[in-house]
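Chemist: I am attaching a structure below and will ask some questions about it afterwards.
The values are calculated or read from the model by the stated rules, or taken from the named source; none is laboratory data. Computed from a predicted model, the values in this text were never measured in an experiment. Note that each Cβ is placed from the backbone with ideal geometry, even for glycine, and that neighbours are counted across all protein chains shown. Surface accessibility is based on the protein's heavy atoms, side chains included, excluding ligands, DNA and RNA. Shrake-Rupley method; radii C 1.70, N 1.55, O 1.52, S 1.80 Å.
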Amino acid sequence: MAPRTLYDKIWDDHVVDTREDGASLLYIDRHLVHEVTSPQAFEGLRVSGRKVRAPQKTLAVVDHNVPTSDRSKPNPDPESATQIETLAQNARDFGVEYYSEHDVRQGVVHIIGPEQGFTLPGTTIVCGDSHTSTHGAFGALAHGIGTSEVEHVLATQTLIQKKAKNMLVQVDGSLPEGVTAKDIILAIIGEIGTAGGTGHVMEYAGQAIRELSMEGRMTVCNMSIEGGARAGLIAPDEKTYAYLRGRPKAPQGAAFDEAVRFWDTLRTDDGAHFDEVVRLDAANLPPIVSWGTSPEDVISVAGVVPDPDQITDEAKRISKHRALEYMGLKAGTKITDIGIDRVFIGSCTNGRIEDLRAVARMVEGKKVHANVNAMVVPGSGLVKQQAEQEGIDRILIAAGFDWREPGCSMCLAMNPDRLAPHERCASTSNRNFEGRQGFKGRTHLVSPAMAAAAAIEGHFVDIRNWG
Amino acid sequence: MQKFTTLTGVAAPLEIINVDTDMIIPKQYLKTIKRTGLGTGLFSEMRYNEDGSDNPDFVLNKPGYKAATILVAGDNFGCGSSREHAPWALVDYGIRCVISTSFADIFYNNCFNNGLLPAIVSREDLDKLFDDANRGANATLTIDLEAQEIRGPDGGVVKFEIDPQRKQKLLNGLDDIGETVHARGPAIDAYEQRIAGNRPWL
């Protein structure tokens, strides 16, 4: 057999049938469901009198619009309450396991999948959410789907797919102090552009990727979609197995060892063909800050806001001028001179325990700047519990951070956590689109440590020589 | 699902690249549990002023464009979130075809489940179509899916690309789930039996 990539192997393993039109029917091992993109899918099943084919392969959780304030009080937003109740009812009616907002296992869908061991190497995982690419950190083929496809998966446990191309992202060298997984992925997106990975599955490889923790790998794979790729992949290794061992939904005992023997085969073969190859040297990476309204608009914290007039492509030049106007920034401004009003720590990109530890290390014994409102939203109830056991909550609260309940929160601002018009935010989330964190809100994407330092100083700082 | 064969209508120019799905339908409209009614939220942050009145500078508020059924837009249309609310909002507003040089993957897939045609043209042809679209209501375009042609007001013809497999789906208005359940049921059963033996931990 010709040498195959990791993507080729997982793909081949899941083809159920080939349709007359040439597309493949792909088997889906794991389906994650949340309140925003599922109601119309369950309604479709009801109308056609269909059942969920494999409820045991489906896991539902509320995350997108759930308030992050005190959960013992009623939900202040009736529309949000209706959507949440609809998911609870659908889960009951169709026999799907469901984590409500009162369950300690509740959290952002892409955080709880790995946390529960629902996410496993070599599986196919889908969810009606584009950041499903997160699960690729385990060597799972994972991507976002639309609601019609959610209904298709619920009804048939399969998805109609065309095979994507293979892209290798090779990150050599070791990260310098103060530079993180977030900076790796922001740098990659800056390099290839927001459509650079369209039509491809990205496999991340190289020393810097191997050296990342599982949580760092999740951060990298999470933002594959921001580079246009539906899925990102990292081959599983000992770190992957150590992370998964003992998780509630992971195989237990001898079954785990049997699984590891199979997982060990999930590697790209020597000589396998990649349609595109991108290389990056981690040793030269700085901490990165986004300056515009696309995740490709990134620059070193030591740099200045770029001048769009230097861009030759007219459509792109116009778009970057529009971005600067929206962001209220002038070309040539030093990044470290940009003052901020808000800080958001959380999201499926950076809402895990290591992210909260990184923030706590930066701010311990310090105070959030008087001009800044800073919030921390743990990625799940279990992350929150762990942080509280480690005393992270006390450090953050003492520094002046608002310590909240888990959910997607101000990453997409569907709940009351949002920016006011023109407020400027250092955010550990994944999208800086116009209006993403609130109407006319201004988002700068950064790593948790960079967001923490900005919270203290009231403006961006180069954490390589701070504190 | 509504079939797509031919369409003649006003084309609105949206000369922005990387139009993301947050822009197409912002999050405040995602709390619905229905597929319909999202047309009012289409492009709302550009379309409405802060007080909720129409922003006269936005293309769909300009005379002649309110009844647009075609959108001509910059590169990489539909990037970002997987929300199918984006094609639902476009279709609910009355848009049946978006023309661009490229589309983000998930949005592209979602279009075909909603009778919305994403037509891919070259950069050169897109510029031509922007010129046509800028002429307003006097310059309707005709889209012929079977022939993969866009016919302009002056007799100009632009060819567009479309995935051949999905073209049939739009032409016939086919429902994927029914087809999978009825024609692929035995294949899915067989696959599940096989993995139960090969990968019992799943």
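Chemist: Out of A:ALA323, A:ALA360, A:ALA302, report the one residue that is in contact (Cβ under 8 Å) with a residue 12 or more places away in the chain, hydrophobic (A, V, I, L, M, F, W, C), outside the structural domain of A:LEU186 (by the TED database) and open to solvent by 20 Å² or more (accessible area, probe 1.4 Å).
Modeler: A:ALA302
Chemist: Against the condition modelled with pLDDT of 95 or more, farther than 24 Å from A:GLY227 by Cα and out of contact with any strand residue (DSSP E or B) (no Cβ under 9 Å at 6 or more places or on another chain), how does B:ASN114 come out, does it pass?
Modeler: yes
Chemist: Only one of (1) in contact (Cβ under 8 Å) with a residue 40 or more places away in the chain; (2) within 23 Å of the chain's Cα centre (by Cα) is not met by A:VAL368, so which one is it?
Modeler: Only one criterion in (1) in contact (Cβ under 8 Å) with a residue 40 or more places away in the chain; (2) within 23 Å of the chain's Cα centre (by Cα) is unmet by A:VAL368, namely (2).
Chemist: Another question about this same structure. In the stretch B:167-189, how many are assigned to a helix (DSSP H, G or I) and either open to solvent by less than 50 Å² (accessible area, probe 1.4 Å) or of a type in the set (S, T, N, Q) (or both)?
Modeler: Matching residues across the stretch B:167-189 total 14.
Chemist: Taking the stretch A:57-83 on its own, how many of its residues are closer than 30 Å to B:GLY185 by Cβ and without any contact (Cβ under 8 Å) to a residue 40 or more places away in the chain?
Modeler: Residues flagged as closer than 30 Å to B:GLY185 by Cβ and without any contact (Cβ under 8 Å) to a residue 40 or more places away in the chain within the stretch A:57-83 amount to 1.
Chemist: Next up: Could you figure out which of (1) at positive phi; (2) surrounded by 23 or more Cβ atoms within 10 Å (Cβ to Cβ) isn't true of A:ALA455?
Modeler: Here A:ALA455 clears every test but (1).
Chemist: Could you tell me how many of the residues in the stretch B:124-154 are outside any helix (DSSP H, G or I) and aromatic (Phe, Trp, Tyr)?
Modeler: Number satisfying all stated conditions: 0.
Chemist: Identify, please: which residue in the stretch A:26-46 is at the interface with chain B (Cβ under 8 Å from one of its Cβ atoms) and of a type in the set (Ser, Thr, Tyr) and is, among those, nearest to A:HIS131 (Cα to Cα)?
Modeler: Across the stretch A:26-46, the extreme among qualifying residues is A:THR37.
Chemist: Considering every residue within the stretch B:135-152, establish whether at least one is within 12 Å of chain A (Cβ to nearest Cβ), open to solvent by less than 30 Å² (accessible area, probe 1.4 Å) and at pLDDT 95 or above.
Modeler: No, the stretch B:135-152 contains no residue that is within 12 Å of chain A (Cβ to nearest Cβ), open to solvent by less than 30 Å² (accessible area, probe 1.4 Å) and at pLDDT 95 or above.
Chemist: One residue is enough: does the stretch A:400-417 have a residue meeting the conditions away from chain B (no Cβ under 14 Å), assigned to a loop (DSSP other than H, G, I, E, B), surrounded by fewer than 24 Cβ atoms within 10 Å (Cβ to Cβ) and touching a Ser or Thr at 6+ places or on another chain (Cβ under 7 Å)?
Modeler: yes
Chemist: Also, I was wondering about something else. Looking at the stretch A:75-88, can you tell me whether even one residue there is more than 22 Å from B:GLU84 (Cβ to Cβ) and buried (at least 19 other Cβ atoms within 10 Å of the Cβ)?
Modeler: Scanning the stretch A:75-88, I find at least one residue that is more than 22 Å from B:GLU84 (Cβ to Cβ) and buried (at least 19 other Cβ atoms within 10 Å of the Cβ), so the answer is yes.
Chemist: Read through the list (1) open to solvent by less than 40 Å² (accessible area, probe 1.4 Å); (2) hydroxyl-bearing (Ser, Thr, Tyr); (3) part of a strand (DSSP E or B), then give the number of the only condition that B:THR8 fails.
Modeler: Tallying (1) open to solvent by less than 40 Å² (accessible area, probe 1.4 Å); (2) hydroxyl-bearing (Ser, Thr, Tyr); (3) part of a strand (DSSP E or B), B:THR8 fails exactly one: (1).
Chemist: Tell me, please, whether a residue that is more than 8 Å from chain B (Cβ to nearest Cβ), among the acidic types (Asp, Glu) and open to solvent by less than 10 Å² (accessible area, probe 1.4 Å) can be found in the stretch A:12-25.
Modeler: no
Chemist: Another question about this same structure. Mind listing whichever residues of the stretch A:422-435 are closer than 21 Å to A:ILE335 by Cα and either within 9 Å of chain B (Cβ to nearest Cβ) or surrounded by fewer than 24 Cβ atoms within 10 Å (Cβ to Cβ) (or both)?
Modeler: Residues satisfying the conditions are A:HIS422, A:GLU423, A:ARG424, A:ARG431, A:PHE433, A:GLU434.
Chemist: Which ones in the stretch A:437-447 are open to solvent by less than 10 Å² (accessible area, probe 1.4 Å) and either under 18 Å from B:ASP22 (Cα atoms) or within 11 Å of another protein chain (Cβ to nearest Cβ) (or both)?
Modeler: Answer for the stretch A:437-447, where residues must be open to solvent by less than 10 Å² (accessible area, probe 1.4 Å) and either under 18 Å from B:ASP22 (Cα atoms) or within 11 Å of another protein chain (Cβ to nearest Cβ) (or both): A:GLN437, A:GLY438, A:GLY441, A:THR443, A:HIS444, A:LEU445.
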